[in-house]
Amino acid sequence: SAASDVYKRQESYVFNINSSWGSGKTYFIKRWANSLEKNHPVIYFNSWKFDHNNEPLILILSEIIQQLNNLVSTPETEELKMSLAKSVTQTMKHIAPTLSKGIFKKVSGVNWDDLSEDTEQSTEDKDNIKLGGELASVSTKALLNLHVEQQNSIEELKKQVSKILSVVLTVDNNDANKRWSPMYVFIDELDRCRPTFAIEVLEVIKHIFDIPRIIFVIATDTEQLQHSIKAV
């Protein structure tokens, strides 16, 4: 009923399937995902498989971007695809400055070396920073600027994702060339992950992907997940 209401309003939503370990959550959501992907864009994400990774935002974003690129693969949507690539590039630069060039290209589809020389300029600026109190002042200002840049880039990315979904998804399901709204993202095995990773995944979903036309379905042993989170 809740999912049906969200579908009608086209809002973002997070739906938790709570059941103990070994009760068949994975089997259930995989069957559910398979039935939905006939008409909807669907992503299945096994979080435990990527538990060793420290960048859940990058992982989930990568899956969503790949799905969106599949949806905007026509000449009519080429401009949307270019805008998305630009937005992803800016977001990656701000939220993951230490990301390797190879992973950066895989996620964003853009070569790091093709970007502007902002990073080189900032390196030159660092050489001119004086020691002592001035250094502390400049560092504080840089951190604040970085935070603002991160927030702005994330908001712009969310706008681009929302814009694409509004264009390529149909609500009344009467256009054979479009996928039905909403997009579903299934997150499995979260309760088996490292507590810190599980928390980060939940934070990413809450703070980054509150985008209309995207429904997250999370499968957890909620009691076990609560114990893991309390440990942190």
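Observations
- Subset tally (residues that are more than 16 Å from the chain's Cα centre (by Cα) and hydrophobic (A, V, I, L, M, F, W, C)) for the range 38-85: 5
- Identity of the residue in the range 43-90, among the aromatic types (Phe, Trp, Tyr) and either open to solvent by less than 20 Å² (accessible area, probe 1.4 Å) or part of a helix (DSSP H, G or I) (or both), that ends up modelled with the lowest pLDDT: Phe50
- Tally of residues being out of contact with any strand residue (DSSP E or B) (no Cβ under 9 Å at 6 or more places or on another chain) and in contact (Cβ under 8 Å) with a residue 60 or more places away in the chain across the range 212-232: 2
- Restricting attention to the range 125-175, the residues being more than 20 Å from Gln90 (Cα to Cα), hydrophobic (A, V, I, L, M, F, W, C), at pLDDT below 65 and out of contact with any helix residue (DSSP H, G or I) (no Cβ under 8 Å at 6 or more places or on another chain) number 4.
- Scan of the range 197-232 for residues that are modelled with pLDDT under 85 and hydroxyl-bearing (Ser, Thr, Tyr), ordered by number: Ser228
- Answer residue from the range 194-208, given it is open to solvent by 10 Å² or more (accessible area, probe 1.4 Å) and in contact (Cβ under 8 Å) with a residue 40 or more places away in the chain and is nearest to Ile58 (Cα to Cα) among those: Val204
- Check on Arg179, among the basic types (Lys, Arg), at pLDDT below 85, out of contact with any strand residue (DSSP E or B) (no Cβ under 8 Å at 6 or more places or on another chain) and open to solvent by 40 Å² or more (accessible area, probe 1.4 Å): no
The values are calculated or read from the model by the stated rules, or taken from the named source; none is laboratory data. Computed from a predicted model, the values in this text were never measured in an experiment. All Cβ positions, even for glycine, are placed from backbone atoms using ideal geometry, and neighbour counts span all protein chains on display. Side chains are part of the model used for accessible areas, which takes the heavy atoms of the whole protein and leaves out ligands, DNA and RNA. Shrake-Rupley method; radii C 1.70, N 1.55, O 1.52, S 1.80 Å.
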